[in-house]
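Participant: Below is one structure. I have some questions about it.
The values are calculated or read from the model by the stated rules, or taken from the named source; none is laboratory data. Since we're looking at a predicted model, the values are computed, not measured. Heads up, the Cβs are rebuilt from the backbone with ideal geometry, glycines too, and the neighbour counts pull from every protein chain shown.
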Amino acid sequence: MLGLASLFYLCNLLTFWLQYSVLLLCIKQGVARDKISITGIPVHPVFKEQKTNCIKKKDKWTFLISGGNMGAGSMKQFIDCLQPSGSVVYKVLCGKNKHLFHSIDQLNHPYIKALPYLHSKEEMNQLYVEADAMITKPGGVTISECIWRKIPTIVYEALPGQEEFNLNYLIERGLVFYLKKWESHTNIESIMLDMFHEHSATLNERLNEYHHDMEDHDIISVLKELY
């Protein structure tokens, strides 16, 4: 049977929303609070460099879109709703979805660039360095990397179940922008930029609070102390 420390660690690998529920469970079972470490979902050290100011006014923005798991038709619909004005360059992370890559690449759009599967964490980290925002779904790993880098994240949809639970937690803590019912809008870009201009200070505060809540040491350090 898993010990409480192992249970807590495995749950944290999966979701955001479980971490405080498991914390309360551990305390209820008699584990002292100072014996419990909240580390968040483990993130590779290469992604832990933080931006000092996650949102700043500029003439040209760079937005990443994590689209590898979206169908080409859904992504095309999303792009049609963007109405790129030239203020934002969109880089679509297509992963191993070759059909999506070719579909976007064939658009030959000056402000929408398709990126193939990246073979190294260093390549992904460089994109994070250049990015002003990430547009994605509320999965654990990508969101965690963006939070650690203090990259503003826009969630456009969530599947029922784990992603939906994650989204509710992230919204409650003010860690993401939620682009609700984007299909009904004709100019998503304008809406996203308005979000940034109106709520950037609040987002910065919430990201700083989240970092403060996380332990100074990572999960590897915690496990070494235990064993």
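So that you can scan it fast, the table gives a plain yes or no per residue for (1) at pLDDT below 85; (2) in a loop (DSSP other than H, G, I, E, B); (3) farther than 15 Å from Ile151 by Cβ:
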site	(1), (2), (3)
Gln50	yes, yes, no
Gly73	yes, no, yes
Gln77	yes, no, yes
Ile104	no, no, yes
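Participant: Being charged (D, E, K, R) and assigned to a helix (DSSP H, G or I) is the filter; apply it to the stretch 165-207 and report the residue that is surrounded by the most Cβ atoms within 10 Å (Cβ to Cβ).
Facilitator: Residues of the stretch 165-207 charged (D, E, K, R): 172-173, 180-181, 183, 189, 194, 198, 205-206.
Going one step further and asking which of them are assigned to a helix (DSSP H, G or I), we end up with 172, 183, 189, 194, 198, 205-206.
Numbers: Glu172: 9, Glu183: 11, Glu189: 20, Asp194: 10, Glu198: 9, Glu205: 11, Arg206: 17.
For the stretch 165-207, the residue satisfying everything is Glu189.
Participant: Show the residue pairs that are 6+ apart or on different chains and have beta-carbon atoms under 6 Å apart, the first residue being within the stretch 174-196 and closer than 25 Å to Asn208 by Cβ, the second being at pLDDT below 90 and surrounded by 19 or more Cβ atoms within 10 Å (Cβ to Cβ).
Facilitator: Taking only residues 6 or more apart or on different chains, the pairs are Leu179/Tyr156; Phe196/Ile55.
Participant: Ok, one more. So is Val129 within 22 Å of Glu209 (Cα to Cα) and in contact with a strand residue (DSSP E or B) (Cβ under 7 Å, 6 or more places away or on another chain) or not? If you could, list the steps in order and put the result at the bottom.
Facilitator: Details: within 22 Å of Glu209 (Cα to Cα): yes; in contact with a strand residue (DSSP E or B) (Cβ under 7 Å, 6 or more places away or on another chain): no.
Criteria not met by Val129.
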